[in-house]
Amino acid sequence: MPRGSGTPATTSASSTASTRSAWNTPGIADHPERPDRAAIQLSDGRLGHILAGEKGTKRGQVFYSGGHRFGTGYPDKTEFPPTWSDDSIATEVLDVAKNPDRAIFQPNDRWRLTGTRKRVKIVVILEPDGQVWTAWPPPGSPGVVKNPLTKEGAAREPRRSDQGRAGIA
């Protein structure tokens, strides 16, 4: 499929161990934007984004990006289960990136990968060069929390500060 064509390539992984990864399926294995498995990585900076996130302002509105570590408390964000350490989040995110159950090449030229690890579904966004851009657990898996918006529907301050936490660049 041509880069940026807007028509995503979609597949599910085979049930056999040797082809468990969606990277090995027809239409994905030979995709021109498929990253080399050995090049797939999660930098400290992107892990920091996934775990602690960032607060910003756009057009006068406060917004939060990333911040999926349990207890971060960003409004309208999901959080990994409380039993998952920073290291286990990094390990499982990288495993989904390297061995996804499903792979879709999106119109924005990034891969949307999904996989279930330890009964928790994980979505990973991957650059064609193999860099993990972000990841999160969608609502519905055991232990995953989705934070509410405030009554006004606006963002609120997170429950605690994560500055200085391990893995934050």
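Among the criteria (1) closer than 22 Å to GLN131 by Cβ; (2) modelled with pLDDT of 95 or more, the one ASP30 does not fulfil is (2). The single condition from (1) at pLDDT below 95; (2) touching a helix residue (DSSP H, G or I) at 6+ places or on another chain (Cβ under 9 Å); (3) over 22 Å from TRP111 (Cα atoms) that ARG69 fails is (1).
On the stretch given as segment 93-129, residues that are part of a helix (DSSP H, G or I), farther than 20 Å from GLY71 by Cβ and not basic (Lys, Arg) total 4. Taken as a whole, the condition of being touching a helix residue (DSSP H, G or I) at 6+ places or on another chain (Cβ under 8 Å), in contact (Cβ under 8 Å) with a residue 40 or more places away in the chain and not in a loop (DSSP other than H, G, I, E, B) applies to ALA90.
Residues of segment 37-66 being among the small types (Gly, Ala, Ser) and closer than 18 Å to GLN131 by Cα, which ones? I'd like the intermediate steps shown before the answer.
So the first thing to find is which residues in segment 37-66 are among the small types (Gly, Ala, Ser), and the list is 38-39, 43, 45, 48, 52-53, 56, 60, 65-66.
Within segment 37-66, ALA38, ALA39, SER43, GLY45, GLY48, GLY53, SER65, GLY66 meet the criteria.
If the condition is being buried (at least 19 other Cβ atoms within 10 Å of the Cβ) and either at pLDDT 95 or above or not in a loop (DSSP other than H, G, I, E, B) (or both), then segment 16-27 contributes ALA22, TRP23. Considering each residue of segment 63-81 in turn, none proves to be farther than 21 Å from LYS118 by Cβ, of a type in the set (A, V, I, L, M, F, W, C) and surrounded by fewer than 14 Cβ atoms within 10 Å (Cβ to Cβ).
The values are calculated or read from the model by the stated rules, or taken from the named source; none is laboratory data. The structure displayed is predicted, hence computed values, not measured ones. Reconstructed Cβ throughout: ideal geometry from the backbone, glycine too, with neighbour counts over all protein chains shown.
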